[in-house]
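J.: Please see the structure below; I have some questions.
Please treat every number below as a calculation from the coordinates, not as lab data. Nothing here was measured: the structure is a model prediction, and the numbers come from that model. Every residue, glycine among them, receives a Cβ derived from its backbone with ideal geometry; neighbour counts consider all protein chains shown.
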Amino acid sequence: MKNIVILISGGGSNMAAIVNAAQRECWQEKWGARVAAVISNKAQAQGLVFAARQGIATAVLEHQSFDSRQAFDAALSQLIDRYDEPGQPALVVLAGFMRILTPGFVNHYAGRLINIHPSLLPAFPGLHTHRRAIEAGCKLAGATVHQVTAEVDCGAILAQAAVPLLPGDSPETLAARVLTQEHLIYPQAIARLLEER
Ligand code: GAR
């Protein structure tokens, strides 16, 4: 897994945390690993600007341009697979990529497709996690890095971090607290995967 391909849809702060960790921790020297490309399904995704400034290849593949989920995923696969090297399939990292992927896509990347989800899975899979945690009266919230399987937000858990849910929290204040932890655990989980292989 020499090449890391990161998929984003928006701000890309997790992607930036991974890129910064890769540089700071010398992933290239240690494991020959680098963030080779950042792909967004939205042309306006802010994260693309950061990635391009870092000299990372960027691409936009807008899902609206495709007739079906299958057609979009097939085109996305083609883009990603350019970064496979002989005997070294790329690691595919979903970082705020807000698309449900088809089982065919997920199976193609089995064992090398990971995601970060802003809840303590298996609690609150799906959307609006922070609002749901507040409404449920949770005392803790957090984030989970996991392997991606065909069932949404259900794959093996690789890392988790918990934060307190404080009185008066809004979904936004809670999201910001969780995000700071995401920026720590996502690069750490990827570094562990690279180390293991
Ligand atoms: C993050 O909080 C991530 O956990 C969440 O989107 C945000 C993206 O932020 N992902 C999901 O909700 C996936 N279902 P970022 O673009 O700044 O990394």
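J.: Restricting to the chain, what percent of DSSP beta bridges are antiparallel, rounded to 5? Can you show the working numbers first?
T.: Working: 12 of 29 bridges.
Of all bridge pairs located within the chain, approximately 40 percent are antiparallel.
J.: A follow-up question, please. Mind checking which lysines have their Cα closer than 18 Å to the Cα of Lys2? Skip sequence neighbours fewer than 8 apart in that chain.
T.: Correct list for Lys2: Lys30.
J.: What 222 nm value per residue comes from the helices of the chain, counting each DSSP H run with n ≥ 4 as -39,500 (n - 2.57) and dividing by all residues, nearest 500 deg cm²/dmol?
T.: -11500 deg cm²/dmol
J.: Which of Gly104, Gly142, Gly96 moves the most in a Gaussian network model of the chain with Cα springs under 10 Å?
T.: In this elastic network of the chain, the residue with the biggest mean-square fluctuation among Gly104, Gly142, Gly96 is Gly104.
J.: May I pose another question? Determine which aspartates and glutamates satisfy two conditions relative to Lys139: a Cα distance under 15 Å, and not lying fewer than 8 residues away in the same chain.
T.: Filter leaves Asp169.
J.: Considering only Asn41, Leu194, Ala59, whose Cα is most displaced toward the positive end of the charge dipole of the chain, charges sitting on Cβ of Lys, Arg (+1) and Asp, Glu (-1)?
T.: Going by the charge dipole, the pick is Leu194.
J.: Using a cut-off of 15 Å between beta-carbons, work out the net charge of the residues near Val106 (Lys and Arg +1, Asp and Glu -1, Val106 not included).
T.: Residues close to Val106 contribute a combined charge of -1.
J.: Summing +1 for each Lys or Arg and -1 for each Asp or Glu, what net charge is found among the other residues whose Cβ lies under 11 Å from the Cβ of Gln28?
T.: Net charge around Gln28: +1.
J.: For the chain, what relative contact order do you get, as a whole percent, if you take Cα pairs closer than 8 Å and at least 6 residues apart? Before the final figure, lay out the partial values.
T.: Values: 364 pairs, mean separation 41.4, N = 197.
Once normalised by length, the contact order is 21 percent.
J.: Using the Cα centre as the reference, give the magnitude of the dipole from point charges on the C-beta atoms of segment 49-197 (Lys, Arg: +1; Asp, Glu: -1; all else neutral), rounded to the nearest 20 debye.
T.: About 260 debye.
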